[in-house]
Amino acid sequence: MVRGFDNPVLAGFGGIAVTLPLILLFYGRSQVKPDLYKKVFMSNKLKLNVLLIFVFCEQVFKKPQTSIDVLPDECLFEILRRFFDGQEKYSCCLVSKKWLMLLSTIHRDEQKKAEEFDKSGGSLTRFLKGKKATDVRLAAIGLGTPGSRGGLGELSVLGNGASKVTDFGLKAVARCSPSLTSLTLWKLSSVGDEGVAEIANNCHLLEKLEFWECSAVTDKSLIAVANNCPKLTSLALESCSSIGNEGLQAIGKKCSILKSILIKNCSLVGDQGIASLVSSTTCSLMKINLNGLNISDMSLAVIGHHGISLTDVSLSSLHNVTEKGFWVMGNGQGLQKLKSFSVTACTGVTDLGLEAVGKGCPNLKLFSVQKSDYVSDKGVVAFAKATLSLETLILEECHKVTQLGIFGSLVNCGKLKTLSLTKCFGIKDLPMMISSGVSPCNSLKSLSVRNCPGFGHYSLALLGKLCHQIQKVVLNGLHGITDNGFTSLIQNSEAGLTEVDLSGCLSLTDKVVSEISLAHSATLKVLNLDGCRSITDASMVTIAQNCKILRELDVSKSAITDFTIAALACAEQSNLKVLSISGCRVSNKSLPFLKKLGESLVGLNMMQCRGVSSTVVLLLKTEFYKCDILV
């Protein structure tokens, strides 16, 4: 016996002398090949008394194959389909990728004991995005959400160029997750009818289905869903170039409780599909959104006649619809329950159509017109007179609407609560007089005017005289607003201003801010002065002293300094939660005051504050970890 070998291989044999006959006995003669590597070790201590010949086979270093892995798939299938318990199945899918993929191919009906699941649908939600969206992950999700834990209820797969989701992944989910109620597929060009059909055939509880840019999904998928998913209530299709009228007709006939439909940029969808869908779901359909479709006046006529349950209608970029379509829709007398109506970039919207819609929708609460070149003051005033229940009016890029249309709608619409104007370049700031017989518009609570360069101090002063109950004011990018015009609004607001956003109003000074703080200190909660370059420390002192319930203050890119920070920190009573001083002349001197404010702040914006060093910022972040600090 030879001991003391330093070679690691010898250590594997316990340091004993191994001869060729012993190796042959250990490994077998059949495993020793002539070309095997041989090496002779000589014992330094025994002076060549023993010749050791070690023959090493490559099999020594190979891990012996596990017996279960050599079984054919047919045998494994018979074994795995007998695991009906959710935890057992989940444990099996963790063994290897082979087991995971094989388990995902087992249909629920092929199991020896079918898994029970909640008849109202699953409660678990799963979300895959980008590179994480693969067939393997989908299989794991399907197997890892057993019915005993609520089952898979909602699945969203958002793909991109790197996503590797195919029909195989959807099939795995379909076989393992019959409790699925919501499915969203986004930018998955490799998913087609085969996978969606499997979902439809197995997931009969499906209620919500969304396809976004799934070019391989055709009408066959919608037909399969219609035939197998009677509980479908919501369908969204966007940029699905292979879906047309046939699929929508099937959905309309078979899905009798459909409540919401969105169809956008589907080139094969026409009047036949929309008309059949709306007329077949007349008693259930509540929301419809049509965008960028090749439909004509016929579709709008069907909506106006058969949309008796509709509460929300949105129409965008319907270039083939004319004035006649909107007129017929309004006179169809079927939109009695409509509460929200939005029209964007539809050339057929005119004053005549607008008036017809107003008369045909007596319960309308919200109306929005965007990017319209043909709606003028006449149409807006006629619409306001016809809709007795209107509460919110939104006008964006309606360049033929002027002051007359704005104030005419305020005078004639007795329940209007919110008025929003955006990029209406037809508004000119001209002096106007209101006759003594006109009653004030006391219903208006919120006023928003964004980037309307012609809206100036004359318009604002007139609004102040006419509307006495305004509480929320948003005036963005209005260079023509001056202190005198805003003073009228401040003095005539009887309800008290709660939110004031004056960002981008370059002509306003400390005078207006001081007046707001004195007149509305008891109600003011939000004040935004972003970009008001004439605002200084003087008005901020009055804000700190008077506005005790102010929660949010934004003085970014104004003329305030460290003195404002000190005034806010030293206020007797402060409820300030969010402070933005981005781009202001604030320095490290404000550190002790920022520390005091930080005790109650949840948000602090210090971006582009060049006077504050990184050391101070790090100190603030460390000390006030609950406050979200932007630098």
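Only the coordinates and a few stated rules stand behind these numbers; no lab work does. None of these values were measured; they are calculated from a predicted model. Cβ sites come from the backbone with ideal geometry, for glycine too, and all protein chains shown count toward neighbours.
Computed from backbone phi with θ = phi - 60° and the Karplus coefficients 6.51, -1.76 and 1.60, the 3J(HN,Hα) list for segment 282-298 is 4, 8, 10, 5, 10, 10, 9, 10, 10, 9, x, 10, 8, 10, 10, 4, 4 Hz; x is used for glycine and proline. Total lysine pairs in segment 467-621 at Cα distances under 21 Å, for residues eight or more apart or on different chains: 22.
Direction-averaged projected area, Cα convex hull, segment 329-487: 8.5 nm², rounded to one decimal. With q set to 0.13, 0.17 Å⁻¹, the log10 of I(q)/I(0) for segment 455-528, from the Debye formula over equal scatterers at the Cα positions, is -0.30, -0.53.
Does segment 418-503 classify as rounded, prolate or oblate by the C-alpha gyration tensor (a ≥ b ≥ c root eigenvalues; a/c under 1.5 gives rounded; else a/b over b/c gives prolate, otherwise oblate)? Here segment 418-503 falls in the oblate category. If R0 is 56 Å, the Cβ-Cβ spacing of V474 and E194 corresponds to a FRET efficiency of close to 0.65.
Could you tell me whether segment 279-344 comes out rounded, prolate or oblate from its Cα gyration tensor? Rule is a ≥ b ≥ c as square roots of the eigenvalues, rounded for a/c under 1.5, then prolate if a/b exceeds b/c, otherwise oblate. Cα axes put segment 279-344 in the prolate bin. The radius of gyration of the Cα set in segment 528-617, together with its Dmax, comes out at 11.7, 33 angstrom. Each Lys and Arg contributes +1 and each Asp and Glu -1, all at the Cβ; summed about the Cα centre of segment 285-372, the dipole is approximately 260 debye.
Do the alpha carbons of any pairs in K254/K324; K220/K287; K187/K365; K132/K253 sit beyond 28 Å of each other, and which pairs? Where the Cα-Cα span goes over 28 Å, the pairs concerned are K254/K324; K187/K365; K132/K253. Full extension of the chain between K577 and K253 gives 111.3 nm of extra length, using 0.36 nm per residue less the Cα-Cα distance. Counting only Cβ charges, +1 for Lys and Arg and -1 for Asp and Glu, the dipole size of segment 199-328 around its Cα centre is about 340 debye. When you count the other C-beta atoms within 10 angstrom of each residue and take the mean per peptide, 210-221, 599-610, 343-354 line up highest first as 343-354, 210-221, 599-610.
Once both labels are positioned 7 Å from their Cα atoms along Cα-to-Cβ, the gap between K589 and S156 label points is 4.9 nm. Looking at segment 378-448, the chymotrypsin sites (Phe, Trp or Tyr not before Pro) that sit in a DSSP loop and have at most 15 other Cβ atoms within 10 Å of their own Cβ are F425. What the Cβ-Cβ distance of K621 and K511 gives, at R0 = 41 Å and to the nearest 0.05, is a FRET efficiency of 0.65. The stretch between K415 and T347 holds 21.6 nm of extra length on full extension. This uses 0.36 nm per residue minus the Cα-Cα distance.
An oblate overall shape is assigned to segment 239-379, the ratio a/c of its alpha-carbon gyration tensor axes (a ≥ b ≥ c) being 1.5 or greater and a/b not exceeding b/c. Based on every Cα atom in segment 177-223, Rg and the maximum pairwise Cα distance Dmax equal 10.1, 26 Å. Expressed as a fraction of 2.2 N^0.38 Å, the C-alpha radius of gyration for segment 124-235 is 0.94. Once the C-beta distance of I434 and N289 is scaled by a Förster radius of 51 Å, the resulting FRET efficiency is 0.85 to the nearest 0.05.
For the pair H399 and Q491, label points projected 7 Å from Cα toward Cβ lie 3.7 nm apart. Summary of the geometry: segment 289-328 and segment 173-248, compared by the centres of their Cα atoms, lie 25 Å apart.
Extension gain for N442-S279 works out to 54.6 nm (0.36 nm per residue, less the C-alpha to C-alpha distance).
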